[in-house]
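Okay, so here's the structure we're looking at.
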Amino acid sequence: MRQLARHHSLPTGTGLHAVQDEHMRELEFLLARLSAGETIDHELGDREAVLVKLEGPAGSIEIGESRFELPARDSVFTDPPSAVYAPPGSVLRLSGPLLAGIYLAAADPAAAPPAYAVLPDEIASVARGSGNFAREVRDIVPRERPAVRLLVGETLNPPGNWSSAPPHKHDRDAPPEEAQLEEIYLFRVDPTQGFGFQGTYTSEPDARAAFLVRDLEAVTIPSGYHPVVAGPGYRLYYLWGLAGTGRELHWFADPDHSWVDSG
């Protein structure tokens, strides 16, 4: 059985900060935190990338010879996202002030689409669940949008609410029942002193882990069921990215909790 989730505290300084997990085979993540006037170039090599703007004034992202203008985003809790997709072989040029999450996955350059931007009016936002597991999901790069391997989006939990309900997993290559997809979450909390909990577990064998997550912390999920809950009085957001076998998100709900209507 592959390893369960791991919790990652990211540095607070400026620059590109990588989430390191030796159990992740398909998916990587970088947090880009740049101060005003700071510029960073990052070569993708054989990896495709999706960069999602988390905070910052209106500005541009350069990918090779292309420049993409992204609008201001004051907060993930108040403003919809914008993003850019970059194919393998690209060089990203990032300029601050900027806070962004970057998902990376190895990809065949011949199969990759050209670079493009996703603007706020192109984002689909869907209400899912009900009661204390109601939440908002924003698809940024779903399977309908061009990419080779990556899938990216956001989830927002109201205070005290759960998501990934019913608990589900996607760690077996068993279509159409389930697809093998690793996942990485980056969390934001409002107000920032708040918290949430990320759980992960398997049934066979019985294995369990839980993490208290705070603002701008990450969790890598190579396998297992992975429910999330916001602390009481705190809104919880997480940016999620997936990569693995194909781009069909076939997840398997825990049969013990399958009576829950995920909406």
Original post:
Taking 1 over the mean of 1/r across every pair of different Cα atoms in the stretch 51-98, what Kirkwood radius in Å do you get?
Top reply: 11.2 Å
Subject >> Extended-chain gain in nm, criterion 0.36 nm per residue less alpha-carbon gap, A110 and D173 >> reply: 20.3 nm
Original post:
Evaluated at 25 °C with a viscosity of 0.890 mPa s, what Stokes-Einstein diffusion coefficient in µm²/s does the stretch 72-210 have when Rh comes from the Kirkwood expression over alpha-carbon pairs?
Top reply: 140 µm²/s
Original post:
What is the log10 of I(q)/I(0) for the stretch 132-263, computed with the Debye formula using one identical point scatterer on each Cα and no solvent, at q = 0.09, 0.20 Å⁻¹?
Top reply: -0.25, -1.24
Original post:
If you find the alpha carbon centre of the stretch 1-54 and of the stretch 239-254, how far apart are they in angstrom?
Top reply: 19 Å
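According to the Kirkwood expression over distinct Cα-Cα pairs, how big is the hydrodynamic radius of the stretch 111-186, in Å?
This gives a value of 14.5 Å.
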Original post:
Percent of alpha carbon pairs in the chain separated by more than 34 Å?
Top reply: 12 percent
Subject >> Sorted by Cβ neighbour density within 10 Å, fewest at the top, the residues L212, L94 >> reply: L212, L94
Original post:
Which order results if S60, S223 are arranged by neighbouring Cβ count within 10 Å, fewest first?
Top reply: S60, S223
Subject >> For D215, distant residues with modelled amide H under 5 Å away >> reply: V189
**OP:** Would you mind checking which residues have amide H under 5 Å from S82's amide H? H placed 1.01 Å from N; only 5 or more apart, or other chain.
**Re:** K53
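All of the numbers you see were taken from the coordinates with simple rules; none came from a lab. In this text, all values refer to a predicted model and were calculated from it rather than measured experimentally. Heads up, the Cβs are rebuilt from the backbone with ideal geometry, glycines too, and the neighbour counts pull from every protein chain shown.
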